[in-house]
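Report on the following structure.
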Amino acid sequence: MLMSVDNGFRERLNKRIKLELYVEGEHVNIQNLKMRDDIREQQQVQKYLAKDITGYPTPVEFHITELTHVTNKTSLQEIWKSEGFMGFEQDSLSWWSLKINEADIRAAEERFLESLIPDRSKEEIAAQQPFLSAFTTSPAFKNESSRYGNYRFKFPLTELMKAYKKQMCEDEEPVLRVYETKLFKQEIEYVVLVHSPQFNEKFGKYPLLTSSPLVSYEGNQIIWKAQAICETHRYQLDIHGKKAVTQNMYPYQYYVWDQLSLVFHIKEDEVLTFPQRKLKASLSCCGIDPINLSNGENCSSIKEAEKLLESLQDDDEKEDEKEENALEEVKMEAD
């Protein structure tokens, strides 16, 4: 018989030695979080969660087709050496975030407006000025920096799922489940678990993702209903007739922000592998956020990070270098 999860929030220290509250098997929306007795006395989250901020776009539905894995200098070298991604220590999970670009934000803005003002004319639609980028300012939308290291891998969701299906699921479809909701001082993290069908018994206590009110997986894309996209609220959203406009907020307000993570279960001593040339093509450098949650060594600057990235040689480049060296030796002998 499958076990059920305990539906109460509990405390734990995570691997970065930070206190977090978590509840397994649920994606709890912000309004319900505000009303839960088991976190009402938790001052570290109530400072921001208890606020009542209005006049911003929520929820906003993002349709995401790319995932990103950010890591530090130490872990980059391990990924490069093993040619792929391993489960993180005892939990055997590889953590990934959503990669949200400008096109994703514009598409989400249009969906939001269609829901809010469904009967706009073509002229009114054309007259609408972009506004959502003024609100998508939380760390979930930052691509130029990260709290977790200098190096960002970016993969199409379809490619990542295809590799996982082939290597970890014996060509069966991966299973997606509601893993947990995590609360920090100002951050809410919703976590989706991806695992092989052979581990249905191990993870059966977690509901299937179809039960989540905030996340779904449809048509090879993740659909996320983001509730708090600002972190720092500097603007308000007003509706004038059939047009959305932004107004400055005085004074600005700090609030919670939410994000979504996907964790891929990878058995101990196994690696989700990719050709090194693919790893390098997917890799870019980013700055370190002032809030640095990375474990391990980081580069002191983007320039140093880029220099290390350039030094990584994939198998094709190593072959090319060998051929060039061999040709140079032949030339020297001929001379």
Scan ASP104, ASP6 and give me the residue that is among the acidic types (Asp, Glu) and either modelled with pLDDT under 90 or touching a helix residue (DSSP H, G or I) at 6+ places or on another chain (Cβ under 6 Å) (or both). ASP6
Screening GLU114, GLU109 for residues that are among the acidic types (Asp, Glu) and within 21 Å of the chain's Cα centre (by Cα) leaves only GLU109
Can you name the residue in segment 153-186 that is modelled with pLDDT of 95 or more and basic (Lys, Arg) and is also nearest to GLU66 (Cα to Cα) among such residues? LYS154
Return the total of residues in segment 196-231 being part of a strand (DSSP E or B) and touching a residue at least 40 places away in the same chain (Cβ under 8 Å). 8
Criterion: touching a strand residue (DSSP E or B) at 6+ places or on another chain (Cβ under 7 Å), in a strand (DSSP E or B), among the acidic types (Asp, Glu) and surrounded by fewer than 21 Cβ atoms within 10 Å (Cβ to Cβ) - qualifying residue of ASP238, ASP258: ASP238
Might you let me know whether segment 235-243 holds any residue that is without any contact (Cβ under 8 Å) to a residue 40 or more places away in the chain and over 16 Å from the mean Cα position of the chain (by Cα)? yes
Take the conditions surrounded by 19 or more Cβ atoms within 10 Å (Cβ to Cβ), in a helix (DSSP H, G or I) and out of contact with any Lys or Arg (no Cβ under 7 Å at 6 or more places or on another chain) and apply them to LEU160. Does it pass? yes
Given the residues THR65, THR58, THR74, which is the only one that is modelled with pLDDT of 95 or more, surrounded by 12 or more Cβ atoms within 10 Å (Cβ to Cβ), over 18 Å from the mean Cα position of the chain (by Cα) and at negative phi? THR58
Tally the residues that are touching an Asp or Glu at 6+ places or on another chain (Cβ under 8 Å) and assigned to a strand (DSSP E or B), restricting the search to segment 241-255. 6
Within segment 81-102, can you find the residues that are part of a helix (DSSP H, G or I) and either more than 30 Å from GLU180 (Cβ to Cβ) or acidic (Asp, Glu) (or both)? LYS81, GLU89, ASP91, GLU102
Which members of segment 204-235 meet the condition of being closer than 25 Å to LEU33 by Cα, of a type outside the set (Gly, Ala, Ser) and surrounded by fewer than 18 Cβ atoms within 10 Å (Cβ to Cβ)? LYS205, PRO207, LEU208, THR210, PRO213, ILE223, THR232, ARG234
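Quick grid of which residues meet (1) basic (Lys, Arg); (2) surrounded by 20 or more Cβ atoms within 10 Å (Cβ to Cβ); (3) closer than 21 Å to VAL175 by Cα:
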| position | (1), (2), (3) |
| --- | --- |
| GLU109 | no, yes, no |
| SER121 | no, no, no |
| ALA127 | no, no, no |
| PHE155 | no, yes, yes |
Among the candidates THR54, THR68, THR74, single out the residue that is assigned to a loop (DSSP other than H, G, I, E, B) and among the polar types (S, T, N, Q). THR54
If you take the residues of segment 199-238 that are in contact with a helix residue (DSSP H, G or I) (Cβ under 9 Å, 6 or more places away or on another chain) and of a type in the set (S, T, N, Q), which of them is farthest from ASP171 (Cα to Cα)? GLN227
Yes or no: segment 41-49 includes at least one residue that is out of contact with any helix residue (DSSP H, G or I) (no Cβ under 8 Å at 6 or more places or on another chain), of a type outside the set (Lys, Arg), surrounded by fewer than 20 Cβ atoms within 10 Å (Cβ to Cβ) and modelled with pLDDT of 95 or more. no
Residues being in contact (Cβ under 8 Å) with a residue 60 or more places away in the chain, surrounded by fewer than 19 Cβ atoms within 10 Å (Cβ to Cβ) and on the phi < 0 side of the Ramachandran plot: count how many of those fall in segment 286-297. 7
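The values are calculated or read from the model by the stated rules, or taken from the named source; none is laboratory data. Nothing here was measured: the structure is a model prediction, and the numbers come from that model. Cβ sites come from the backbone with ideal geometry, for glycine too, and all protein chains shown count toward neighbours.
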